[in-house]
Amino acid sequence: MQTVVLAAGMGSRMRPLTETTPKPMLPVAGQPLVEHTLRAAVAAGTDEIVLVVGYEGDAVHEHFGDSYADVPIRYAVQSEQNGTASALRAASEYVDDRFAVVNGDIVYEPESLAELFRAGPSIGSTRVEEPSNYGILDVEDGTVTGIVEKPDDPPGTLANAGAYVFPRGALEYLDVPKSERGEYELTDVLSRVIREADVTPVELEGWLDVGRPWELLEANERRLRGLERSLSGEVSPDATLEGPVVVEEGATVRAGVVVEGPALIRSGATVGPNAYVRGATVVGKDASVGHAVEIKNSVLLPGARVNHLSYVGDSVLGRDVNLGAGTTVANLRHDGEPVRTTVKGERVSTGRRKFGVVLGDGVKTGINTSLNAGVTLSSGATTEPGAVVTRDR
Ligand code: TTP
């Protein structure tokens, strides 16, 4: 079966991380987010991938080239990011009658996709606690009879999870009007499809939509859970590595370091001397964590540097970020309430009691900078020595 992977979106809710990197290329457990979809699709029996790219699409194309795990990839370019139906339209010249479509920004247990593929015309689904925030499936006698977006009066708790197997002839339904939010939506195509064909809901186990920065942290936490210990890099005999820790070839862990897995230390990275890395942490390629630095449950993108006397917790540090000596991150409110942060200009709850900061690529902090919980700094932003940063920059 052909699988169309939608990876053209702007990823605007993931800013500042997507100011320079497209969302599909953000790392989850050391692999680009969209690679988790590609792997599941190949394991489920895909024989051709049609990858729809758009925003910063060259980065995706350059990374994956023309095949993945020996399965050919064709690229379709969506020139305007105006909705998932228009993304599928961009791919339509490449697809045959029966095909799968999967959002490139979701993670789930990979076997679930094989089940979806086996089910024939089907919609991936997931149980949700707050149905009014999702596209909810109306299901009667095991068949999907309707999809309602963000319903006030939900017909159930089974939400559209962003993975589908379309029946023959589905491309005829692509011509949908713009939705209220001004996009051409795949759900409107699906509403037409389910009128014409029997479509089965198939639950995707362990589903997570990775749209906002804390979901990137959560995806890393989940995917690192399955990490298997392997130490191929240079590890000092005076370092203590507990549990599932991966030190890739070309990475260095110096004396006095304590790492509590799961943790992934990628090639070219250095940790220590005397550093403490814990929780689900990824130290990206060529990143460095220096003396008397504690990193907890965080993702450091390639080239990020936290070299002296710092604490970083529950945070995402973009490429080539440089934290000045003594920079510390708050990741907990005194009242214990969930940390709030900014998404597309609005303050929203992350739902997490522990959440630190999100720093865009190339951010530099002056020495002894204090970053408040939930702060985001856009790419290239700086702070002055001793700054106490409580607002986004
Ligand atoms: P969304 O998460 O709705 O959109 P997005 O990824 O652009 O993020 P944001 O809302 O933060 O700007 O997209 C769901 C999936 O569909 C995702 O894999 C990206 C893909 N997509 C496209 O390929 N083209 C598009 O025009 C849109 C809107 C999304």
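Taking 0.36 nm per residue of separation and subtracting the Cα-Cα distance, what length does fully extending His63 through Asp198 add?
Details: separation 135, 0.36 × 135 = 48.60 nm, distance 3.79 nm.
Full extension of this stretch gives 44.8 nm more.
Normalised by the residues of the chain, what does the relative contact order come to in percent, with Cα pairs under 8 Å and at least six apart? Don't skip to the end; give the middle numbers.
On the way: 1130 pairs, mean separation 45.2, N = 393.
This gives 12 percent for the chain.
At 0.36 nm per residue, minus the direct Cα-Cα distance, what do Asn274 and Thr143 gain on full extension? Give it in nm, one decimal, please. Mind dumping the intermediate values first?
Details: separation 131, 0.36 × 131 = 47.16 nm, distance 5.80 nm.
Length gained between Asn274 and Thr143: 41.4 nm.
Can you tell me the length gained on complete extension of the stretch Val258 to Arg13, counting 0.36 nm per residue apart and subtracting the Cα distance?
Values: separation 245, 0.36 × 245 = 88.20 nm, distance 3.44 nm.
Stretched out fully, the Val258 to Arg13 stretch lengthens by 84.8 nm.
Rounded to a whole number of µm²/s, how large is the Stokes-Einstein D of the range 223-389 at 25 °C and 0.890 mPa s, given Rh as the Kirkwood radius over C-alpha pairs? All intermediate terms of the calculation are to be shown ahead of the outcome.
Values: Rh = 15.7 Å.
Result for D is 156 µm²/s.
List the trypsin sites (Lys or Arg not before Pro) within the range 111-220 that DSSP assigns to loop and that have no more than 15 neighbouring Cβ atoms inside 10 Å. Spell out each step's value before the answer.
Numbers: sites: Arg118, Arg127, Arg168, Lys178, Arg181, Arg192, Arg195; in loops: Arg168, Lys178, Arg181.
For trypsin sites (Lys or Arg not before Pro) across the range 111-220 that sit outside H, G, I, E and B with at most 15 neighbouring Cβ atoms in 10 Å, the list reads Arg168, Lys178, Arg181.
I want to verify the translational diffusion coefficient of the chain in µm²/s; compute it with Stokes-Einstein, Rh as the Kirkwood radius over Cα pairs, at 37 °C and 0.692 mPa s.
On the way: Rh = 21.8 Å.
The diffusion coefficient I find is 151 µm²/s.
Regarding the range 86-201, what whole-number volume in Å³ per residue does the convex hull of its Cα atoms give? The partial results should precede the final answer.
Values: hull volume 13.1 nm³, N = 116.
Output value, Cα hull per residue: 113 Å³.
Top to bottom by accessible area (1.4 Å), largest first, where do Asp138, Asp58, Asp361, Asp314 land?
On the way: Asp138 50, Asp58 115, Asp361 25, Asp314 5 Å².
Ranking Asp138, Asp58, Asp361, Asp314 by accessible area, largest first, yields Asp58, Asp138, Asp361, Asp314.
When the accessible area of the chain is split by element with a 1.4 Å probe, what percent falls to carbon and sulfur?
Working: 6970 of 16450 Å².
Exposed carbon and sulfur together represent 42 percent of the surface.
How much net charge surrounds Ser12 when only the other residues with a Cβ under 13 Å from the Cβ of Ser12 are counted, with Lys and Arg +1 and Asp and Glu -1?
Numbers: positive: Arg13, Arg15, Lys23, Arg181, Arg212, Lys344; negative: Glu19, Glu56, Asp105, Glu183, Glu346.
Every neighbour counted, the sum reads +1.
Rolling a 1.4 angstrom probe over the protein heavy atoms, how many square angstrom per residue are accessible across the chain?
42 Å²
What is the spin-label model distance, in nm, from Val348 to Arg74 if the labels are put 7 Å beyond Cα along the C-beta direction?
3.5 nm
Contact order normalised by length for the range 223-389, with contacts defined as Cα pairs under 8 Å and 6 or more residues apart; what percent is it? Write down the numbers at each step before the final one.
Numbers: 574 pairs, mean separation 21.2, N = 167.
Reported as a whole number, the value is 13 percent.
Mind counting lysine pairs for me in the chain? Cα separation below 25 Å, and the two need to be 8 or more apart along the chain or on different chains.
Number of lysine pairs found: 17.
How large is the helix-only mean residue ellipticity at 222 nm for the chain, computed as the sum of -39500 (n - 2.57) over DSSP H runs with n ≥ 4, divided by its residue count, in deg cm²/dmol to the nearest 500? Each step should come with its number before you reach the end.
Numbers: 6 runs with 58 residues, N = 393.
So the helix-based figure for the chain works out to -4500 deg cm²/dmol.
For the chain, what is the percent of antiparallel DSSP beta bridges, rounded to the nearest 5?
Values: 27 of 93 bridges.
In the chain, approximately 30 percent of DSSP beta bridges are antiparallel ones.
The values are calculated or read from the model by the stated rules, or taken from the named source; none is laboratory data. Remember, predicted model here, so these are calculated numbers, not experimental data. With ideal geometry, Cβ positions are generated from the backbone for all residues, glycine too; neighbour counts draw on all protein chains shown. All accessible areas refer to the heavy atoms of the entire protein, side chains included, with ligands and DNA or RNA removed. Shrake-Rupley method; radii C 1.70, N 1.55, O 1.52, S 1.80 Å.
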